[in-house]
Structures are given as C-alpha cells and as structure tokens.
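Okay, so here's the structure we're looking at.
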Amino acid sequence: GVKREGAVVHFESNEDDPMTGVIDLLAKQKTREYVQIQLEGGIAFGTGEHPTTQLCLDWVRDKVEEQLENDYGDNSINFIDYGAGSGVLGIAAAAVVRDFNQSKRRSKKEPGATKSINAVGVEIDADAIHIANNNAKMNQVEMVNYLPTLDSLDGESLSVVMRAIQKKRNKALKSLPDEMNGPIFDLCVANILAGPLVSLAPTIASLVKSGGEIGLSGVLATKADSVADAYQISMTRT
C-alpha cells in the first residue's frame with residue numbers, strides 16, 4: 001500500500017494469475033454467509049462475474065465488515081465507487097451493512113447501535129447511471145449515482161458528458177454534489193483501467209479522508225508501479 005497520514009491505497013494486479021484471487025474469495029465465502037444481490041447488467045459494466053469485479057467484491061466486503069466490527073466512534077460509513085458501472089460494488093457495500101443490521105436485530109445479544117452507510121457511485125456513462133440506480137432500488141438499498149464533476153474531466157470525457165446531459169431522459173442526472181466532492185469517504189473503490197486510474201489519481205485521492213482506504217483494480221502487472229506512483233504523489237499533495 002501507499003500511505004499518507006494513515007490513508008492506504010490497495011491495488012490488485014490482474015495479469016499473472018487473475019483466478020488466484022477468485023479462488024481465495026470462494027474459500028473465504030465458505031466461512032461466512034452470502035450477501036445476495038440482484039443485477040440488471042445491460043450495457044453497464046459489472047455483472048459480478050469478472051475476476052476483477054470479484055476481487056473488488058471481496059475487498060469491499062472485508063473493508064465494510066472491518067468498519068462495522070470496529071468502533072471508530074461513528075455509526076455511519078461513507079463509501080464511493082468511482083466508475084460505478086452497474087453499481088454492483090456500492091450495492092454490495094450497502095447490502096453488507098443492511099444484513100449486518102438485520103443480523104444484530106435477530107441476535108439475542110445486545111444489538112448495539114444501528115450502522116448506516118452513505119454509498120454513492122460516480123460514472124461517466126449516463127445509461128449506466130440509470131441502470132445502477134434501478135439496481136439499487138431492486139435490491140432495496142440506498143445508493144445514488146452521479147456524473148463526475150465537470151472540472152475533473154479531460155476534453156474527451158467532458159464532451160461525452162455534455163452530449164449525454166442534452167438528452168431528455170438524462171435531464172435529472174446530477175454531478176457529484178459539492179458536499180461530497182471532498183475528503184469525506186472512508187472507503188473508495190475504482191475498478192477501471194490503469195490509464196484512467198493514473199489520470200484520475202488527483203481526483204480520487206482528494207475524495208478519501210485521512211485514515212481512509214482506496215481499493216484499485218483492473219491494473220496489469222506491468223502498469224502497477226505507475227499506478228502506485230501516481231497515487232503516492234496525489235495523496236502527498238492532498
């Protein structure tokens with residue numbers, strides 16, 4: 001990991017043996033209950049079947065459960081998926097918290113305080129945002145998906161977003177609100193590619209609070225050092 005004032009970056013290299021992490025995930029699943037979610041994939045990336053998505057799902061569950069089991073003095077978790085696609089990772093995070101609360105209510109032990117999660121997604125593809133929001137409703141969890149802020153986009157990406165918001169069906173879509181566009185998130189995950197991860201490093205790093213954690217995936221082994229370097233630089237500057 002790359003540390004800056006307690007913040008940690010984790011990334012998965014997916015070139016040498018992409019199935020290794022999946023095997024580890026399946027072994028771990030045998031020791032804990034399944035968290036079930038339903039997805040309408042459509043054109044949005046993230047069906048839950050791709051090895052990188054499964055690696056991220058494992059990381060998300062581990063980190064959310066760690067937040068739930070440890071008393072950090074706050075009963076709310078702020079979670080963001082940058083490049084949310086179908087919304088699978090944010091929905092999974094919210095579902096873990098939902099199931100945790102339900103388990104506490106069923107327990108004969110002292111239930112303790114109810115935990116909550118503020119799960120949001122950022123996605124450049126307007127069609128994917130509609131799919132992700134519908135997936136969240138279908139799974140009865142709260143996850144809201146936003147377009148990136150315009151000042152975080154390069155010329156090509158800005159053109160994509162501007163064309164999308166001109167369409168009538170996308171008029172209700174909004175960019176990430178100002179109150180969320182800062183270092184407020186405990187956990188951030190981004191399952192995209194090395195190139196976008198590097199270019200987005202200043203933006204993604206700026207969203208994570210000191211002591212928070214970032215999980216990155218979609219990185220080939222040959223690109224791992226450049227991704228790590230980009231986040232080390234960006235997190236030093238934030």
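For the reader, a short list of remarks on this structure follows.
- Residue in segment 169-180 that is small (G, A, S) and at pLDDT 95 or above present: yes
- Hey, P196 closer than 26 Å to L57 by Cβ and in a loop (DSSP other than H, G, I, E, B) or not: no
- For beta carbons closer than 6 Å, sequence separation of 6+ or different chains, a first residue in segment 72-92 that is closer than 25 Å to A113 by Cβ and of a type in the set (S, T, Y) and a second that is modelled with pLDDT under 95 and open to solvent by 10 Å² or more (accessible area, probe 1.4 Å), the qualifying pairs are S76/S116.
- Restricting segment 120-149 to residues that are crowded, with 19+ Cβ neighbours inside 10 Å and charged (D, E, K, R) leaves a set whose member that is nearest to I91 (Cα to Cα) is E123.
- Residue-level analysis places V9 among those that are touching a Lys or Arg at 6+ places or on another chain (Cβ under 9 Å) and either at pLDDT below 65 or under 23 Å from D127 (Cβ atoms) (or both).
- A search for C-beta distances below 8 Å between a residue of segment 206-222 that is of a type in the set (S, T, N, Q) and any residue that is assigned to a strand (DSSP E or B), counting only pairs 6+ apart in sequence or on different chains, returns S210/R4; S210/A7; S217/F11; S217/E12; S217/V189; S217/A190; S217/N191.
- Residue match in segment 229-237 (condition: touching a Lys or Arg at 6+ places or on another chain (Cβ under 6 Å), touching a residue at least 60 places away in the same chain (Cβ under 8 Å) and open to solvent by less than 50 Å² (accessible area, probe 1.4 Å)): yes
- Which numbered condition N134 fails, given (1) among the polar types (S, T, N, Q); (2) within 16 Å of the chain's Cα centre (by Cα); (3) in a helix (DSSP H, G or I): (2)
- The residue that is nearest to V120 (Cα to Cα), counting only those in segment 139-185 that are among the basic types (K, R) and assigned to a helix (DSSP H, G or I), is R169.
- Entry remark, segment 157-200: residues being open to solvent by 80 Å² or more (accessible area, probe 1.4 Å) and over 22 Å from M235 (Cα atoms) number 8 in total.
- Checked across segment 59-80, the condition of being at pLDDT 70 or above, open to solvent by less than 60 Å² (accessible area, probe 1.4 Å), outside any helix (DSSP H, G or I) and among the acidic types (D, E) holds for no residue.
- Single unsatisfied condition, T114 versus (1) at negative phi; (2) modelled with pLDDT of 90 or more: (2)
- For segment 201-210, the set of residues classified as open to solvent by 10 Å² or more (accessible area, probe 1.4 Å) and either of a type in the set (S, T, Y) or touching a strand residue (DSSP E or B) at 6+ places or on another chain (Cβ under 6 Å) (or both) consists of T203, S206, S210, listed by residue number.
The values are calculated or read from the model by the stated rules, or taken from the named source; none is laboratory data. Everything numeric here is computed off the predicted structure, so don't read it as measured data. Note: ideal-geometry Cβ built from the backbone for every residue, glycine included; neighbour counts use all protein chains shown. Calculation scope for accessible area: heavy atoms of the full protein, side chains included, ligands and nucleic acids excluded. Shrake-Rupley method; radii C 1.70, N 1.55, O 1.52, S 1.80 Å.
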